[in-house]
Amino acid sequence: MRQTLLALFLLFSSALGFAPLPPSRPLTSLSAIEVNQKNIGVLRPFSGIYDPLNLMADGDEAFRRRRISEIKHGRVAMVAVIGNLAPQLGIVFPGYISTSEKVLFSDVATGNSFTALTKIPLFGVFQILVFAGLMECWTWKQEKTAAPGDVGGDDWVRYQDVAVKEEKLTKELQNGRLAMLAIFGLMVQEQLNGKGAIEMLGF
């Protein structure tokens, strides 16, 4: 029963990541943004966006929605890769993740993401989902008038040089893309042989 509820929670949270954004007023043009978002992530030798499915034909609003999703999932994936590898390197929070059920953080650090998740008490999983939802809806909310991924308010570093800003945003996008592939590969490999990446490398 506990694992069934846990699976439902995970299914629900995964669906949220791909839920459409609420409708917003039409954008005049992405070129009106300080940095042309269509230049971000385009690297040599390619001279334009790789779009074999012709998704760009859906218009600027659809492009913006997909770019926001790509940036968001990339950021989550970068944190996920760190969270996957850190426990395997012995980097674990001290103390209890649940004092009522006597579960230590070290009990959860198994080197297998799915196994670790099943060791977290169900209420703890619920707390994680609620916290993520609060961050999504209020703290790190994507404003309609802000550039895709710009959820940091005035506290984030602002680059005045357009070329520098495009370079920084491209690096973030590329690292996010790599991280999405990496965390997927790590989790698949864990299920195939039951070993974490660090153990497989022989460390």
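The values are calculated or read from the model by the stated rules, or taken from the named source; none is laboratory data. Note that the coordinates shown come from a computational prediction; the quantities given were computed from them, not determined experimentally. Glycine gets a Cβ as well: all are built from the backbone with ideal geometry, and neighbour counts include every protein chain shown.
Here are the numbers:
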| item | result |
| --- | --- |
| Helices (runs of 4 or more DSSP H) lying entirely in region 67-149 (those with 1 or more residues that are more than 13 Å from the chain's Cα centre (by Cα), surrounded by 17 or more Cβ atoms within 10 Å (Cβ to Cβ) and touching a residue at least 60 places away in the same chain (Cβ under 8 Å)) | 113-119, 122-134 |
| Any hit, region 47-70, residues being small (G, A, S), out of contact with any Lys or Arg (no Cβ under 6 Å at 6 or more places or on another chain) and modelled with pLDDT under 85 | yes |
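For every residue, the table says whether it meets (1) of a type in the set (S, T, N, Q); (2) exposed (fewer than 15 other Cβ atoms within 10 Å of the Cβ); (3) within 29 Å of T110 (Cα to Cα).
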{"residue": "Q160", "(1), (2), (3)": "yes, yes, no"}
{"residue": "K165", "(1), (2), (3)": "no, no, no"}
{"residue": "T170", "(1), (2), (3)": "yes, no, no"}
{"residue": "G176", "(1), (2), (3)": "no, no, yes"}
{"residue": "L186", "(1), (2), (3)": "no, no, yes"}
{"residue": "Q191", "(1), (2), (3)": "yes, yes, yes"}
{"residue": "A197", "(1), (2), (3)": "no, no, yes"}
{"residue": "L201", "(1), (2), (3)": "no, yes, yes"}
